[in-house]
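Structure first, then comments.
The values are calculated or read from the model by the stated rules, or taken from the named source; none is laboratory data. Here the structure is a predicted model, which means the values were calculated and not measured. No Cβ is skipped: glycine too gets one built from the backbone with ideal geometry, and neighbour counts run over all protein chains shown.
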Amino acid sequence: MSLSPSTLELFDQYVIPTYGRFAVRLARGSGCRVWDEDGREYLDFGAGIAVSSLGHCHPRVVERMRQQLGELVHTSNLYYTRPQGELAKRLVDIVGAPGKIFFCNSGAEANEALYKLSRKFGNEANGFARTSGGTATGGTANPDAPLRRGIITMNGSFHGRTLGGIAATGQDKVKKGFEPMVEGFTHIPFNDCDSLNDAVDAPGTVAVMLEPVQGEGGIYPVSAEYLRTARALCDRRSTLLLFDEVQCGLGRTGDWNGWDTLAPDVKPDAVSWAKGIAGGFPLGAIWVSSRPVQMRSGEVKPLCDLLGPGSHGTTFGGTPLICAGALEVLSIIEDERLLENARNQGRHAVEALRALQSPWIREVRGVGLMLGIELAADFGSRCALPAGKAPSIYMVERLHEAGLLTIPSGTHILRWLPPLNVQTTEVEEAVRILSSVLASLPCH
C-alpha cells in the first residue's frame, strides 16, 4: 500500500532533524524481528539500543498493559499508587542493599537526579556518618566546612544529552555548539587507578560517576580492580560512588546489576537505570543507599532522604501504567531465566564471532548481551570509503541490506544488543549475515 505523503516526507517536513536516521521505515515487530512498511523482515540486534529487553510485543507485557490501561493510567506524584511502590521494592531487592527509589522518564533524567544528589550532598553534608554497633552516631555541627561540588567522570563515557549530561560525558563530540559547559565535571582516563586516586584526592571532589560497561563508548568493561579501588577511595574521602547502569543494568550483562558481573563485592552509593527497565516504555529510575550521612547542621539522616519534598520531581515518572509494565518485564526476565540466557547467548556469540577470524575485524568484546565488534583500523582505506564515511556506518547500512539491524558506536565499532530472550538460532543467523557481508566487501 502506497502512503501519501510518505513517512520520509513527513519527517523531512515536520520532524526536527536531531538524528542521523537510517533509511529504514519500521512498521511492526514480534520477538527478535521487525518488519518495515514494505513487509521486509529484519533480525533486530539493536533492540531499540538495549531497550526492548524482551523483544517486541511479548504477550505477557501486552496483556498486563492492556489490563492497567483499563484501570488507571496517570495520577501525578501527588498521590500514592500501588504499582510504583511495588516496583520500588523490586528494584531495591535487585540491588540487594537498603535504599530507596526515585522514578523519572529516561536515562538522562536519572543521571540528572544523581548530579542533584551529589550537589545536595556536597552543599549540606560533611560526609558519611560514623557508625557504632550498627547505629549512626551524630557529630558536631560544622556549617563552615568547605563545599564540595566536583564530579569525576570517565573519558569515553556517555551520560545523556541534557546540558548536565553532555558536561558529564567524556566525549568532545557531544559538547560542540553547546558551550559553555555546566561547571563541576572533570574527566579522567577509564580504568586508570592512579588517575582516579589523584582526582578523588583533589579538593572539592564530591562524587565519582562511571558506567560499569561503557556502552555508547564501544563496549568497554571496567576492571574489578578499578571498581574496588573506586569504592575504597570514595570511602576514604567520604565521596559518593555513582554507577550509570542505564545501558548495562537489569539483565543486560547476565546479572541484574552490571557491577555484579564484574565485582560483586562492590556496592555503589547510588545507581541510575533506564532503557531496558520497562522493555520499551519510557521509564528511568535511581536507587540511593540508606547509608547515614552527617549533615552540616549536626543531624544524621540517610543518603536516600537528602532529596526531600520540593527538591526534585517529575510529572510522568512512575505512572501506574508504566510501573505495571516494568514489573511484568522484570518478572518475565526471572520466570524465563533470561539472566542465564544472556550469559549463555553472549558467550556463544563472542565465540562464534571470533571464530570467523575475519581480517576485517580487529577485536570482539562482550559482557553478557553487550557485544562490541571493532573493525580493522584500515577498514576505510581498504574499502575505499568516501571521505567522511565512518566504517561503522557503512557496515550498519550493508547489514541493513542483508536483513540485520545493528547499532554503530564511534567510527569503527558495531554494537550487538539483542533482546535478553534471543535464541541460539538467531545468534547464529546474525553471525552468518555478518560473515556474508564481510566476505562480500571490496578489497583495495
Any residue at all in the range 315-322 that's aliphatic (A, V, I, L, M) and either closer than 23 Å to SER76 by Cβ or part of a loop (DSSP other than H, G, I, E, B) (or both)? yes
So VAL174, is it in the same structural domain as TRP273 (by TED's automatic domain parsing), under 23 Å from VAL213 (Cα atoms) and β-branched (Val, Ile, Thr): yes
When residues of the range 51-62 are filtered for being touching a helix residue (DSSP H, G or I) at 6+ places or on another chain (Cβ under 8 Å) and either in the same structural domain as ARG398 (by TED's automatic domain parsing) or outside any loop (DSSP other than H, G, I, E, B) (or both), how many remain? 2
Identify, please: which residue in the range 52-70 is farther than 15 Å from ILE332 by Cα and touching a Leu at 6+ places or on another chain (Cβ under 9 Å) and is, among those, surrounded by the most Cβ atoms within 10 Å (Cβ to Cβ)? GLN68
Please find, among HIS400, HIS348, the residue that is farther than 30 Å from LEU262 by Cα and in a helix (DSSP H, G or I). HIS400
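Of the residues GLY150, GLY160, GLY204, which single one is outside the structural domain of VAL367 (by TED's automatic domain parsing), touching a Ser or Thr at 6+ places or on another chain (Cβ under 7 Å) and in contact (Cβ under 8 Å) with a residue 12 or more places away in the chain?
Details: GLY160 fails: touching a Ser or Thr at 6+ places or on another chain (Cβ under 7 Å); GLY204 fails: touching a Ser or Thr at 6+ places or on another chain (Cβ under 7 Å).
Going through GLY150, GLY160, GLY204 in turn, just one is outside the structural domain of VAL367 (by TED's automatic domain parsing), touching a Ser or Thr at 6+ places or on another chain (Cβ under 7 Å) and in contact (Cβ under 8 Å) with a residue 12 or more places away in the chain: GLY150.
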Scope the range 1-38; condition assigned to a loop (DSSP other than H, G, I, E, B), within 30 Å of ILE332 (Cα to Cα) and under 23 Å from the mean Cα position of the chain (by Cα); matching residues: CYS32
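When only residues in the range 158-178 that are outside any helix (DSSP H, G or I) and in contact with a helix residue (DSSP H, G or I) (Cβ under 7 Å, 6 or more places away or on another chain) count, which is surrounded by the fewest Cβ atoms within 10 Å (Cβ to Cβ)? Explain how you work it out, then say what you get.
Here is the first cut: in the range 158-178, the residues outside any helix (DSSP H, G or I) are 158-162, 169-171, 175-178.
This time we only want the ones that are in contact with a helix residue (DSSP H, G or I) (Cβ under 7 Å, 6 or more places away or on another chain), so: 159-162, 175, 178.
Values: HIS159: 33, GLY160: 24, ARG161: 15, THR162: 16, LYS175: 14, PHE178: 12.
So the residue we want is PHE178.
Name the one entry in LEU353, LEU338 that is touching a helix residue (DSSP H, G or I) at 6+ places or on another chain (Cβ under 8 Å), closer than 21 Å to GLY218 by Cβ and either crowded, with 20+ Cβ neighbours inside 10 Å or not assigned by TED's automatic domain parsing to the domain that holds VAL246 (or both).
Working: LEU338 fails: closer than 21 Å to GLY218 by Cβ.
One residue alone meets the criteria, LEU353.
Each row is one residue, and each column tells you yes or no for (1) farther than 20 Å from TRP259 by Cβ; (2) among the aliphatic types (A, V, I, L, M).
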residue	(1), (2)
ALA168	no, yes
GLU179	yes, no
GLY184	yes, no
HIS187	yes, no
ASP192	no, no
VAL200	no, yes
LEU210	no, yes
GLU216	no, no
PRO221	no, no
Restricting the search to the range 174-216, which residues are among the hydroxyl-bearing types (Ser, Thr, Tyr) and touching a Lys or Arg at 6+ places or on another chain (Cβ under 8 Å)? THR205
When only residues in the range 358-375 that are of a type in the set (A, V, I, L, M, F, W, C) and in contact (Cβ under 8 Å) with a residue 24 or more places away in the chain count, which is surrounded by the fewest Cβ atoms within 10 Å (Cβ to Cβ)? ILE361
Surrounded by 18 or more Cβ atoms within 10 Å (Cβ to Cβ), without any contact (Cβ under 8 Å) to a residue 24 or more places away in the chain and farther than 26 Å from ILE333 by Cα - does that describe any residue in the range 407-415? yes
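Of all residues being in contact with a Leu (Cβ under 8 Å, 6 or more places away or on another chain) and in a loop (DSSP other than H, G, I, E, B) in the range 39-50, which is surrounded by the most Cβ atoms within 10 Å (Cβ to Cβ)? Just the residue, please. Quick ask: steps written out before the conclusion?
Start the filter on the range 39-50 by keeping residues that are in contact with a Leu (Cβ under 8 Å, 6 or more places away or on another chain), which leaves 42-47, 49-50.
Those still in the list that are in a loop (DSSP other than H, G, I, E, B) too: 45-46.
Working: PHE45: 27, GLY46: 23.
Step by step, filter the range 39-50, then rank; the result is PHE45.
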Enumeration of residues in the range 195-226 that are of a type in the set (Gly, Ala, Ser) and either over 30 Å from ASN123 (Cα atoms) or touching a Phe, Trp or Tyr at 6+ places or on another chain (Cβ under 8 Å) (or both): ALA207, GLY215, GLY217, GLY218, SER223, ALA224
I'm told LEU87 meets every condition in (1) part of a helix (DSSP H, G or I); (2) in contact with a helix residue (DSSP H, G or I) (Cβ under 7 Å, 6 or more places away or on another chain); (3) surrounded by fewer than 23 Cβ atoms within 10 Å (Cβ to Cβ) except one. Can you identify the failing condition by its number? (3)
Which residue pairs have Cβ atoms closer than 7 Å, lie 6 or more positions apart in sequence or on different chains, and pair a first residue in the range 74-103 that is small (Gly, Ala, Ser) with a second residue that is assigned to a helix (DSSP H, G or I)? GLY99/VAL92; GLY99/CYS304
